[in-house]
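All of the numbers you see were taken from the coordinates with simple rules; none came from a lab. These numbers come from a predicted model, not from an experiment. Virtual Cβ from ideal backbone geometry, glycine too; neighbours counted across all protein chains shown.
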Amino acid sequence: MAKRNVTSKKPSKAQDTWDSNLDVFHKFLELQPFYNKLASEVAFALECTLDKNGIEYSAVTYRVKTLDSLLEKIDRKDYADPFSEIMDLSGVRIVHLYASDFDRIHEMIEYEFQVIEHIDNLAEQGTERFGYSARHFTVQLGDAYAGARYDDLTSLVCEIQVRTALQDAWSIISHHLIYKRESDVPSAMKRRINSLAGLLETADDQFEHLCDERAAYLQRI
């Protein structure tokens with residue numbers, strides 16, 4: 001009887017990542033409820049402060065990374081120390097209406113939380129890169145958050161994304177088109193995406209002008 005050649009399957013990179021980071025994933029599952037509570041607290045505080053300051057917004061949402069999403073990110077980025085390098089395990093997103101409100105929102109975040117890092121993705125993008133991105137803040141709960149309710153949360157970090165409604169729409173669509181593989185996008189498609197991003201930026205500016213005109217009209221009458 002002829003012998004069959006049996007070749008063993010080579011483990012996938014994702015499987016290798018899983019096997020080599022079991023402690024990380026176990027720790028994440030233990031902390032996941034606390035990250036969820038942190039995101040909920042940050043989102044609630046932001047909603048209250050936005051309302052108090054009369055800032056128009058369409059949504060404040062929050063989420064915590066899933067285990068699958070964490071595995072994918074570690075697999076893609078090859079982090080040496082995921083818990084100190086991944087800043088968006090807990091995340092909140094503010095979608096506001098007018099670009100001019102960003103400075104007020106920035107001040108509000110600085111006042112309400114301890115800001116560890118602030119990244120303006122749009123400002124950091126060179127002219128050869130496409131995108132229409134948000135501002136990102138990495139925060140911790142400040143001194144105002146004290147007591148048993150917050151004891152398990154104060155050492156954790158939360159990412160706050162701040163976007164206009166048009167930036168949010170762009171992010172949803174571009175995530176589907178180009179996320180994680182920008183280098184594979186053909187040049188012709190990059191040009192079209194850049195053009196659309198430019199149109200959305202122009203639209204944001206026009207909405208801003210309309211808002212100013214509306215305010216001036218209401219003041220006149």
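If I model a spin label at ASN53 and GLN114 as a point 7 Å from the Cα along the Cα→Cβ vector, what separation in nanometres do I get?
2.1
For labels at ALA144 and ARG214 in the simple 7 Å Cα→Cβ model, what's the distance in nm?
Output for this residue pair reads 2.8 nm.
Below 12 Å, Cα to Cα, which aspartates and glutamates can LYS77 reach? Residues fewer than 8 away in the same chain don't count.
Candidates past the 8-residue exclusion: GLU85.
Would you kindly state how much longer the chain becomes between ASP23 and ASP81 on full extension, computed as 0.36 nm times their sequence separation minus their alpha carbon distance, in nm to one decimal?
Once the chain is fully extended between ASP23 and ASP81, it gains 19.7 nm.
Give me the base-10 log of I(q)/I(0) for region 35-75 at each q in 0.28 Å⁻¹, Debye formula, one uniform scatterer per Cα, rounded to two decimals.
The computed values of log10 I(q)/I(0) come out as -0.91.
What are the ³J(HN,Hα) couplings of region 199-208, residue after residue, when phi is run through the Karplus curve with 6.51, -1.76, 1.60 and θ = phi - 60°? Round to Hz, x for glycine and proline.
Whole-Hz 3J(HN,Hα) from phi for region 199-208: 4, 5, 4, 4, 4, 4, 4, 5, 4, 4.
Of the peptides 156-166, 28-38, how do they stack up when ordered by the mean number of other Cβ atoms within 10 Å, highest first?
Peptide ranking by packing, descending: 156-166, 28-38.
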